[in-house]
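Below: one structure, written as structure tokens.
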């Protein structure tokens, strides 16, 4: 079978009983991601950095594709969790990068008045594969040199 897109366990998580993301129904657009470990997401304080929730997952895809990370629809209302970056963008060249092997993490703020605990194996968000287009005058030639947040460096 030709590999086009999919998920693998990221380095360092091989023996951690990580589940690969799955779609729960045949019409689901998104693949459900789980937390790789228990974590506390503290209540929001001005100036605080978002909490990165590890998934233990990396994703490979075609060069003209992107994996969009979206919050679980019930997270804001039930748990007070909002994604700090609204959506996550996982580029195809993030896979296997030298900094973190392409490890996918969800970036959350907690807007509840109490800390929120996420348990290992709990669904935290979803990923949707999409094709993207480039403009006529696009001339991007740089190669990725790092992991999380490295495209502007």
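The values are calculated or read from the model by the stated rules, or taken from the named source; none is laboratory data. Because the structure is predicted, anything quoted here is derived from the model rather than measured. FYI the Cβ positions are ideal-geometry reconstructions off the backbone, even for glycines, and counts take in every protein chain you see.
Quick notes on this one:
- The range 104-141, residues that are part of a loop (DSSP other than H, G, I, E, B) and under 30 Å from residue 48 (Cβ atoms): 111, 112, 113, 114, 115, 119, 120, 121, 122
- Checked across the range 96-103, the condition of being exposed (fewer than 15 other Cβ atoms within 10 Å of the Cβ), at pLDDT below 95 and out of contact with any strand residue (DSSP E or B) (no Cβ under 8 Å at 6 or more places or on another chain) holds for at least one residue.
- Residue 45 being closer than 18 Å to residue 18 by Cα and out of contact with any strand residue (DSSP E or B) (no Cβ under 8 Å at 6 or more places or on another chain): no
- Any hit, the range 88-103, residues being assigned to a strand (DSSP E or B), in contact with a helix residue (DSSP H, G or I) (Cβ under 9 Å, 6 or more places away or on another chain) and either without any contact (Cβ under 8 Å) to a residue 60 or more places away in the chain or farther than 19 Å from residue 10 by Cα (or both): no
- Looking only at residues of the range 77-87 that are touching a residue at least 12 places away in the same chain (Cβ under 8 Å) and assigned to a loop (DSSP other than H, G, I, E, B), we find that the one that is surrounded by the fewest Cβ atoms within 10 Å (Cβ to Cβ) is 87.
- Cβ separations smaller than 7 Å between residues 6+ apart or across chains give no pair from the range 34-45 residues that are at positive phi and at pLDDT below 95 to residues that are surrounded by 14 or more Cβ atoms within 10 Å (Cβ to Cβ) and in a strand (DSSP E or B).
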